[in-house]
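Only the coordinates and a few stated rules stand behind these numbers; no lab work does. Quick caveat, the model's predicted, so the values are computed rather than measured. Cβ placement follows ideal geometry from the backbone for every residue including glycine, while neighbour counts extend to all protein chains displayed.
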Amino acid sequence: MICVFPFIKATPCNRGPLNQLKHGMQSYLSTPRLRALWIGYLAASAASAIVIVNTVVYANQVLVGGEQETALAMAVVGFGSMVIALKLPKWLEGRKLRSFMLLGSTMIVTAFFAAHFSLTHLWWLFTYLLAGWSAVMLGLSAAYWVMVVLCLCSLLAVYRCFPKED
């Protein structure tokens, strides 16, 4: 078996880590599918942030539980994430990616369910702070609504940005 790699001319990029980071992000975000995917990660990180940041508060104050209830709640969320991560490749076979992107964003909005991807960490920087701040300043129920609105905004942006031919 032989593998031949095509010759790809490197694109010029100024030296230095900040210039390389800027060039990489510009290249990534100039691709419509990747730009829509990145915006979709906002919904995933918002849903994840509210679960990770406020599950302890929810389990203790709303469910009047303790460490075991918190652990059980986190396990249920983790189990759901694993089911989706394991089943998604099979579900995607022979289907258009755009439909699943929109369906996934909708599921996140209504069920606060998310699979974790590496780029969501960039959004988590923002959403973790927002989830914690909104819970402290507005209360736990309002914090969930703040994150739902953020997920809905992300869903609308994905819908507008994702190429319709997919």
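Order 87-94, 31-38 from most to least packed using the mean count of other Cβ atoms within 10 Å. Kindly include the intermediate steps, with their values, before the conclusion.
On the way: 87-94: 8.9, 31-38: 16.5.
The packing order, highest mean first, is 31-38, 87-94.
With label points built 7 Å along Cα→Cβ from the Cα atoms of GLU69 and GLU165, find their separation and express it in nm.
5.3
What is the packing order of peptides 63-72, 126-135, taking the mean over residues of other C-beta atoms within 10 Å and listing the highest first?
Packing order, densest peptide first, comes out as 126-135, 63-72.
Sorted by packing (mean other beta-carbon atoms within 10 Å per residue), highest first, where do 137-145, 49-57 land?
So the peptides 137-145, 49-57, ranked by packing, come out 49-57, 137-145.
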